[in-house]
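J.: Below is the structure I would like to discuss, written out as C-alpha cells.
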Amino acid sequence: QIAFAATFLGALISAIVGPLSARNVAANGLVRNAFRGLALVIRAVPDLVVAIVFIIATGFGPQAGALALAIGGVGLLAKLIGDSLEEVPNGPEKAIAAVGGTRSQVFFGSTLPMSVPAMVSHLMYLLEQNVRSATLLGIVGAGGIGFLLINSLSGRHFDEVLAYLIVIIALVLAIETASMLVRRALK
C-alpha cells in the first residue's frame, strides 16, 4: 500500500515537474533549468534520509514511508518523463506548430501521445522501485512490510521472514510482468 500510494503521489507531482523540465515543452531555458534542477536536487537526497525527516515530522508509521517514497519518486520520475519527452521525434511537433498550433496543442497533439509507452514503462519502474524501497524504509520505522520483516527477524520467526521475502519477490515479478504486457499492448 505504501508503494502504491507513493507512486500515485509521485506521479501526480511528476506530471507537472517532468514536462516543464523538457527542452521541447518548457516555455524557455530558465523554466527548463529550474525544473530540471528541482528534480536533480530531489534525486540527490536518499529516500532513507527523507524517511527519517518524515518519521520525525509525522511519527512512526506508513504515512512517513509513503511521503518519503513519493518525494524520492518525483526526482526519478520527473527526470525520466523530461527525458522521454525530449526524445520524441520533432517532425510531428513541427508540423502542428507550422499550421498554427499553440504550445499546448503541440504538446497534447504530438509530444505527449508519442511518449505514452515510455511514460507507462517509467511509471511501472517507479512502482517496482517503490515496492523494494518500502521494505527498506519499513526497517527504520516507516511502516509496511519492512517493519513486519524486522519484527520477525528480531523475534527469530524465520518462517515469517521467508514468507515476507517471497511476497516481495512475487510482487516485483507481478509488476514486471504487468509492465511487459502493458508495453506490448501500447506498441
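J.: Local charge sum around Ser115 (other residues, Cβ-Cβ under 15 Å, Lys/Arg +1, Asp/Glu -1)?
T.: It works out to a net charge of 0.
J.: For a quick check, take a GNM of the chain with Cα springs below 10 Å and name the residue from Gly29, Gly138, Gly91 with the largest mean-square fluctuation.
T.: Evaluated over the chain, the most mobile residue of the options is Gly91.
J.: Towards the positive end of the charge dipole of the chain, with charges on Cβ (+1 Lys, Arg; -1 Asp, Glu), say which of Asn90, Val53, Thr7 has the farthest Cα.
T.: Asn90
J.: Work out which helices of the chain, taken as complete DSSP H runs, extend at least 20 Å along their axis over the Cα atoms and score a mean Kyte-Doolittle of 1.6 or more, then list them. Intermediate values should be presented prior to the final figure.
T.: Values: long enough: 2-20 (27 Å, 2.09); 29-44 (22 Å, 0.92); 62-86 (35 Å, 1.05); 112-139 (40 Å, 0.82); 158-186 (42 Å, 1.69).
Span-like helices, by this rule, are 2-20, 158-186.
J.: Roughly speaking, to the nearest percent, how much of region 22-128's 1.4 Å accessible area is carbon and sulfur? Let's see the in-between values first.
T.: Working: 3860 of 5430 Å².
Of all accessible area on region 22-128, carbon and sulfur atoms account for 71 percent.
J.: If you don't mind, there's one more thing I want to ask. GNM on the chain, C-alpha springs below 10 Å: top fluctuator among Gly61, Gly155, Gly143?
T.: Largest GNM mean-square fluctuation: Gly155.
J.: Would you mind working out the accessible area per residue for region 45-187, using a 1.4 Å probe, and quoting it in Å²? Each step should come with its number before you reach the end.
T.: Numbers: 7550 Å² over 143 residues.
Spelled out: the 1.4 Å probe surface of region 45-187, per residue, equals 53 Å².
J.: Per-residue counts of other Cβ atoms within 10 Å, averaged by peptide: what ranking do you get for 168-174, 48-54, 70-76, 13-19, highest first? Spell out each step's value before the answer.
T.: Working: 168-174: 13.4, 48-54: 18.7, 70-76: 24.0, 13-19: 20.4.
Packing proxy ranking, top to bottom: 70-76, 13-19, 48-54, 168-174.
J.: Could you work out the relative contact order of region 1-140? I mean the mean sequence separation of Cα pairs under 8 Å and 6+ apart, divided by the number of residues, in percent.
T.: Numbers: 186 pairs, mean separation 48.3, N = 140.
Relative contact order, region 1-140: 34 percent.
J.: If I model a spin label at Thr58 and Arg103 as a point 7 Å from the Cα along the Cα→Cβ vector, what separation in nanometres do I get?
T.: Taking the simple label geometry, Thr58 and Arg103 are separated by 3.3 nm.
J.: What does the extension gain come out to for Leu48 and Asn33, with contour length at 0.36 nm per residue minus their alpha carbon separation? Don't skip to the end; give the middle numbers.
T.: Values: separation 15, 0.36 × 15 = 5.40 nm, distance 2.64 nm.
Working it through step by step, the gained length comes to 2.8 nm.
The values are calculated or read from the model by the stated rules, or taken from the named source; none is laboratory data. Keep in mind the model is a prediction, meaning the values are calculated, not measured. A quick note on method: Cβ atoms are made from the backbone with ideal geometry, for glycine too, and the neighbour counts reach across all protein chains shown. Accessible surface is based on the protein model in full, side chains and every heavy atom, while ligands, DNA and RNA are left aside. Shrake-Rupley method; radii C 1.70, N 1.55, O 1.52, S 1.80 Å.
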